[in-house]
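A.B. asks: Take this structure, written in structure tokens, and hold onto it; I'll ask about it next.
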Amino acid sequence: MDPKETKERMKIPKQVMPEQDPGERVKNFFEVPYGYTAEQAMEEAKRCIQCKKPLCVGGCPVNIDIPWFIRLISEGKFVEAAHKIKESNGLPAVCGRVCPQEDQCEKVCIIGKKGEPVSIGRLERFAADYEREHGEVRIPELPKWSGKKVSVVGAGPAGLTVAGDLVKKGHKVTVFEALHTAGGVLMYGIPEFRLPKKIVQSEVEYLKRMGVDIVLNSVVGKLETIDEFLSNGYSAVFVGSGAGLPYFMNIPGENLAGVYAANEYLTRVNLMKAYQFPEADTPVIRGRKVVVIGGGNTAMDSARTALRLCPEEVSIVYRRSREELPARVEEIHHGEEEGLKFRLLTNPKKFIGDKDGRLKAIECVRMELGEPDESGRRRPVEVKGSEFCIDADVAIVAIGNGANPLIPQTTPDIKVNKWGNITVNPDTGRTSKRGVFSGGDIVRGGATVILAMGDGKKAADSIDEYLKTGVW
Amino acid sequence: MYEITEKVELAHTVYLFKIKAPLIARKRKAGQFVVLRLNEHGERIPLTIVDSDNAAGTITIIVQEVGKTTAMLGDMGAGDNILDVVGPLGRPTHIENFGVAVCVGGGIGTAPVLPIARALKEAGNKVVSIIGARNKGLLILEKEMREASDTLYVTTDDGSYGHHGFVTQVLQNLIDEGMKIGFVVGIGPIPMMRAVSNTTKPYDILTMVSLNPIMVDGTGMCGACRVTVGGKNQFVCVDGPEFNGHEVNYEELILRNRSYMKEEKMAMEELTYHEGAKCYDK
């Protein structure tokens with residue numbers, strides 16, 4: 001690209017993605033942003049200066065050829081752009097919505113050095129949506145069957161990525177999912193208004209059309225074990241069983257009615273559609289005053305979900321200050337637009353119940369920031385004697401998850417760390433057990449969709465190599 | 001889809017179902033449960049596996065109509081399909097030869113006791129069972145429990161059959177008579193399990209109870225089924241469902257199980273309204 005054109009391109013302003021008005025969207029579960037129009041997408045795509053050595057590709061955990069697909073969009077070749085992305089990413093409509101691009105591809109975008117980076121995520125979303133909505137989803141040509149079968153435990157982001165990559169390499173794949181729907185956290189965790197479930201299901205459908213076999217209601221370890229898979233015709237197993245039981249704070253009153261773990265609250269509303277109760281059979285307590293404890297993306301998802309269930313007030317209680325909030329800036333911004341309150345430098349001490357054992361208030365204490373701790377963040381310390389009470393009839397504890405115990409319980413020769421997370425070689429996903437690979441939250445603890453997918457991608461390459469060479 | 005192959009009415013609003021689920025039938029052990037979902041709008045509910053038939057590929061569950069989902073299940077019959085059945089979940093009962101094992105079942109709780117009684121018998125225990133119900137009409141599995149046990153005592157709260165009184169009175173009598181009991185398992189309504197535990201506690205008899213809290217996923221993810229046991233949080237779906245009865249915080253469990261009383265009532269009213277003619281006398 002000649003310097004003159006580069007200069008011209010850098011003058012194009014970042015295209016704003018239209019979204020539902022906050023006052024309106026807080027009354028519904030429809031997706032918040034509408035996505036780019038074709039014109040906006042082409043204009044935004046022109047902001048990319050097509051670097052010879054693009055940093056964005058290295059910033060992407062699955063190394064999508066970003067400049068290439070953006071160039072295709074700028075030329076109006078939207079379907080081709082989607083195909084390009086799908087060479088490296090099986091779930092682009094998902095990633096375009098939920099990846100923290102500001103910490104990955106967009107963070108290293110050269111345009112971002114002087115102004116706003118190219119909106120890579122929004123363009124990815126546009127291409128994937130365009131392909132899907134125009135009925136032009138193409139099933140790639142698959143190589144002849146290698147004669148090998150692989151089983152995948154868990155149909156979440158990691159497992160689905162492994163499955164998609166392995167069928168493209170010519171292996172047969174069966175995915176075993178414990179829940180009644182495939183998608184894992186994309187179905188039970190991330191809310192409808194951030195990731196419509198029909199999009200997840202169409203991505204799952206795409207994998208099925210490529211030949212991935214998905215068995216639902218199948219709890220590996222309890223029903224069939226990994227050892228049985230290995231002796232019954234599967235040459236390798238990938239474990240992507242995901243996040244496990246939620247952490248609690250171990251403070252008094254945590255088991256009162258109305259105190260939820262974020263996992264349960266989100267599962268009730270997203271997977272079980274409790275927002276449609278009584279049309280859907282699963283209820284959720286619709287609090288008048290809802291308090292979410294924690295400052296991560298799961299806390300934001302819980303809080304923004306609660307806002308849509310007609311409360312008087314939803315607030316976040318977080319023990320550090322605004323700067324330390326681990327949630328995406330975009331989520332915090334969306335939450336505030338929707339009326340979310342922040343009670344920063346505040347920590348719960350005790351949940352207080354009424355005579356029927358239902359939550360009525362939370363005793364909190366003020367915090368101040370002290371010396372930096374091992375994470376480099378300043379350690380919050382209690383301000384003595386600053387206890388106070390806040391009214392709450394629903395509290396949602398969103399402070400992270402442990403590891404799911406079912407696979408380690410039933411396959412003791414897979415090595416786990418002291419928190420129960422499976423130990424792997426980070427470059428290959430290989431576990432301590434021959435033929436068994438793992439990735440995603442069961443390895444990392446709570447991480448992101450895209451990191452789980454990155455794990456899946458590496459593991460798929462390593463599985464393919466193992467199947468071909470037999471070398472462990 | 002999981003087909004119902006057989007349905008038997010055991011008592012008023014209490015039904016036995018055999019469901020086609022060959023893999024679960026092959027794998028399940030005493031004490032484990034399934035989670036099922038009837039249809040696309042359905043909730044996920046846990047139910048103990050009472051029995052299985054490997055040859056027929058079926059599992060047996062026993063259900064009492066207590067809410068919308070169980071009432072809808074009660075209306076289903078042989079040939080109907082359940083959308084989702086997942087299991088076997090939970091840890092199996094720890095079975096060994098304790099010498100004398102006493103199996104106590106209260107109401108519908110006799111259903112999960114049955115496979116445990118059988119397994120204890122098979123392990124060489126002298127099995128003494130006590131089953132009770134509010135009245136004779138609500139008593140279930142008497143014949144099966146008699147076959148599984150060396151001795152069976154039956155109680156009814158109203159005296160319409162067997163011993164007039166509670167299961168715990170019979171249990172106390174056995175202890176008072178000097179029976180050397182190595183193990184007690186008590187399953188039924190929470191107050192009954194608490195009473196059984198209180199009965200054995202002074203004598204330090206190992207007593208297990210099977211808890212039935214509210215669950216959602218049932219596979220160790222959501223945290224809904226937490227209970228306090230021995231002062232610590234335990235998750236019934238993966239750490240249980242059986243726990244040392246002397247350590248369970250029953251009061252907390254009772255209150256937690258009432259979390260959705262209002263919603264459950266609303267759902268039942270909707271159902272009876274839509275079904276019109278059918279009457280549920282609860």
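The values are calculated or read from the model by the stated rules, or taken from the named source; none is laboratory data. Since this is a predicted model, take the numbers as computed values, not measurements. We place every Cβ from the backbone using ideal geometry, glycine too, and count neighbours over all the protein chains shown.
A.B. asks: Only one of A:Glu106, A:Glu102, A:Glu124 is buried (at least 24 other Cβ atoms within 10 Å of the Cβ), under 19 Å from A:Arg328 (Cα atoms), in contact with a helix residue (DSSP H, G or I) (Cβ under 9 Å, 6 or more places away or on another chain) and not aromatic (Phe, Trp, Tyr). Can you tell me which?
C.D. replies: The match here is A:Glu124.
A.B. asks: Say whether the condition of being among the hydrophobic types (A, V, I, L, M, F, W, C) and not in a loop (DSSP other than H, G, I, E, B) is met by at least one residue in the stretch B:212-226.
C.D. replies: no
Per-residue answers, yes or no, for (1) among the polar types (S, T, N, Q); (2) modelled with pLDDT under 95; (3) in contact with a strand residue (DSSP E or B) (Cβ under 8 Å, 6 or more places away or on another chain):
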| residue | (1), (2), (3) |
| --- | --- |
| A:Leu406 | no, yes, no |
| A:Thr410 | yes, yes, no |
| A:Val424 | no, no, yes |
| A:Thr431 | yes, no, yes |
| A:Val436 | no, no, yes |
| A:Gly439 | no, no, yes |
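Every residue, every condition in (1) modelled with pLDDT under 95; (2) surrounded by fewer than 22 Cβ atoms within 10 Å (Cβ to Cβ); (3) more than 26 Å from the chain's Cα centre (by Cα), yes or no:
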| site | (1), (2), (3) |
| --- | --- |
| A:Asp301 | no, no, no |
| A:Gly335 | no, no, no |
| A:Gly353 | no, yes, yes |
| A:Leu369 | yes, yes, yes |
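A.B. asks: Can you work out which of the residues in the stretch A:264-286 that are within 25 Å of B:Glu251 (Cβ to Cβ) and buried (at least 24 other Cβ atoms within 10 Å of the Cβ) is farthest from the chain's Cα centre (by Cα)?
C.D. replies: A:Val284
A.B. asks: Give the number of residues within the stretch B:9-47 that are at pLDDT below 95 and among the β-branched types (Val, Ile, Thr).
C.D. replies: The total comes to 2.
A.B. asks: Continuing with this model, one more query. For the stretch A:237-266, how many residues are assigned to a loop (DSSP other than H, G, I, E, B), facing chain B (nearest Cβ under 7 Å) and closer than 29 Å to A:Ile414 by Cα?
C.D. replies: Matching residues across the stretch A:237-266 total 1.
A.B. asks: Could you check the stretch A:213-245 and list, in sequence order, the residues that are among the aliphatic types (A, V, I, L, M) and out of contact with any Lys or Arg (no Cβ under 9 Å at 6 or more places or on another chain)?
C.D. replies: Answer for the stretch A:213-245, where residues must be among the aliphatic types (A, V, I, L, M) and out of contact with any Lys or Arg (no Cβ under 9 Å at 6 or more places or on another chain): A:Val215, A:Leu216, A:Val219, A:Val220, A:Val239, A:Ala243.
A.B. asks: Give the residues of the stretch B:30-82 that are within 23 Å of B:Gly105 (Cα to Cα) and free of Cβ contacts under 8 Å to residues at least 24 places away in the same chain, sorted by residue number.
C.D. replies: Once the filter is applied, which keeps residues that are within 23 Å of B:Gly105 (Cα to Cα) and free of Cβ contacts under 8 Å to residues at least 24 places away in the same chain, the stretch B:30-82 yields only B:Leu47.
A.B. asks: Of everything in the stretch B:152-167, what is in contact with a strand residue (DSSP E or B) (Cβ under 8 Å, 6 or more places away or on another chain) and surrounded by 14 or more Cβ atoms within 10 Å (Cβ to Cβ)? Give them in sequence order.
C.D. replies: B:Leu152, B:Tyr153, B:Val154, B:Thr155, B:Thr156, B:Asp157, B:Tyr161, B:Gly162, B:His163, B:Gly165, B:Phe166, B:Val167
A.B. asks: Name the one entry in B:Glu242, B:Glu177 that is surrounded by 15 or more Cβ atoms within 10 Å (Cβ to Cβ) and either more than 20 Å from the chain's Cα centre (by Cα) or more than 14 Å from chain A (Cβ to nearest Cβ) (or both).
C.D. replies: It is B:Glu242.
A.B. asks: Name the residues in the stretch B:149-190 that are in contact (Cβ under 8 Å) with a residue 40 or more places away in the chain and assigned to a loop (DSSP other than H, G, I, E, B), would you?
C.D. replies: B:Ser149, B:Met179, B:Lys180, B:Ile181, B:Gly182, B:Gly188, B:Pro189
Residue-by-condition table, conditions (1) aliphatic (A, V, I, L, M); (2) within 14 Å of chain A (Cβ to nearest Cβ); (3) buried (at least 19 other Cβ atoms within 10 Å of the Cβ):
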{"position": "B:Val50", "(1), (2), (3)": "yes, no, yes"}
{"position": "B:Gly57", "(1), (2), (3)": "no, yes, no"}
{"position": "B:Asp80", "(1), (2), (3)": "no, no, no"}
{"position": "B:His94", "(1), (2), (3)": "no, no, no"}
{"position": "B:Ala117", "(1), (2), (3)": "yes, no, yes"}
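A.B. asks: Right, here's the next one. Considering the stretch B:180-194 alone, what residues qualify as being under 13 Å from B:Gly106 (Cβ atoms) and surrounded by fewer than 22 Cβ atoms within 10 Å (Cβ to Cβ)?
C.D. replies: The answer is B:Pro189, B:Ile190, B:Pro191, B:Met192, B:Arg194.
A.B. asks: Next question, about the same structure. Suppose the filter is in contact with a Pro (Cβ under 7 Å, 6 or more places away or on another chain), assigned to a loop (DSSP other than H, G, I, E, B) and surrounded by 18 or more Cβ atoms within 10 Å (Cβ to Cβ); does A:Ile414 pass it?
C.D. replies: Here the answer is yes, as A:Ile414 does meet what is asked.
A.B. asks: State the number of residues belonging to the stretch A:351-387 that are in a strand (DSSP E or B) and within 19 Å of A:Arg288 (Cα to Cα).
C.D. replies: Going through the stretch A:351-387 one residue at a time, the tally reaches 10.
A.B. asks: Exactly one of these conditions fails for B:Gly87: (1) modelled with pLDDT of 95 or more; (2) within 13 Å of chain A (Cβ to nearest Cβ). Give me its number.
C.D. replies: Single failed check for B:Gly87: (1).
A.B. asks: Hey, which of the helices (runs of 4 or more DSSP H) in the stretch A:133-214, taking only ones fully inside, have at least 1 residues that are surrounded by fewer than 16 Cβ atoms within 10 Å (Cβ to Cβ)?
C.D. replies: Fully inside the stretch A:133-214 and qualifying: A:197-209.
A.B. asks: Anything in the stretch A:50-70 that is under 27 Å from the mean Cα position of the chain (by Cα) and farther than 16 Å from A:Gly454 by Cα? List them, or say none.
C.D. replies: Residues satisfying the conditions are A:Pro54, A:Leu55, A:Pro67, A:Trp68, A:Phe69, A:Ile70.
A.B. asks: Does B:Ala55 satisfy being over 30 Å from B:Lys136 (Cα atoms), of a type in the set (A, V, I, L, M), more than 15 Å from the chain's Cα centre (by Cα) and not in a strand (DSSP E or B)?
C.D. replies: So B:Ala55 fits the description; yes.
A.B. asks: Go over the candidates B:Asn198, B:Asn233 one by one and state the one that is within 14 Å of chain A (Cβ to nearest Cβ), without any contact (Cβ under 8 Å) to a residue 60 or more places away in the chain, of a type in the set (S, T, N, Q) and not in a loop (DSSP other than H, G, I, E, B).
C.D. replies: Being within 14 Å of chain A (Cβ to nearest Cβ), without any contact (Cβ under 8 Å) to a residue 60 or more places away in the chain, of a type in the set (S, T, N, Q) and not in a loop (DSSP other than H, G, I, E, B) holds for just one of B:Asn198, B:Asn233, which is B:Asn233.
A.B. asks: Sticking with this one: Looking at A:Val215, A:Val292, which is the one that is more than 7 Å from chain B (Cβ to nearest Cβ), under 22 Å from A:Gly339 (Cα atoms), among the β-branched types (Val, Ile, Thr) and in contact with a strand residue (DSSP E or B) (Cβ under 8 Å, 6 or more places away or on another chain)?
C.D. replies: So the residue among A:Val215, A:Val292 that is more than 7 Å from chain B (Cβ to nearest Cβ), under 22 Å from A:Gly339 (Cα atoms), among the β-branched types (Val, Ile, Thr) and in contact with a strand residue (DSSP E or B) (Cβ under 8 Å, 6 or more places away or on another chain) is A:Val292.
A.B. asks: Taking the options B:Glu270, B:Glu251, name whichever one is touching a residue at least 24 places away in the same chain (Cβ under 8 Å), out of contact with any helix residue (DSSP H, G or I) (no Cβ under 7 Å at 6 or more places or on another chain) and either among the acidic types (Asp, Glu) or buried (at least 20 other Cβ atoms within 10 Å of the Cβ) (or both).
C.D. replies: After ruling out the rest, the residue left standing is B:Glu270.
A.B. asks: Tell me, which residue of the stretch B:1-35 that is within 12 Å of chain A (Cβ to nearest Cβ) and within 15 Å of the chain's Cα centre (by Cα) is surrounded by the fewest Cβ atoms within 10 Å (Cβ to Cβ)?
C.D. replies: Among those that are within 12 Å of chain A (Cβ to nearest Cβ) and within 15 Å of the chain's Cα centre (by Cα), it is B:Lys29.
A.B. asks: Within the stretch A:382-397, count every residue that is surrounded by 14 or more Cβ atoms within 10 Å (Cβ to Cβ) and either touching a Gly at 6+ places or on another chain (Cβ under 6 Å) or on the phi > 0 side of the Ramachandran plot (or both).
C.D. replies: The number of residues fulfilling the criteria is 2.
A.B. asks: Just to verify a result, which residue in the stretch B:201-224, among those that are within 30 Å of A:Val220 (Cβ to Cβ), away from chain A (no Cβ under 14 Å) and modelled with pLDDT of 95 or more, is surrounded by the most Cβ atoms within 10 Å (Cβ to Cβ)?
C.D. replies: Only one residue fits best here, namely B:Val209.
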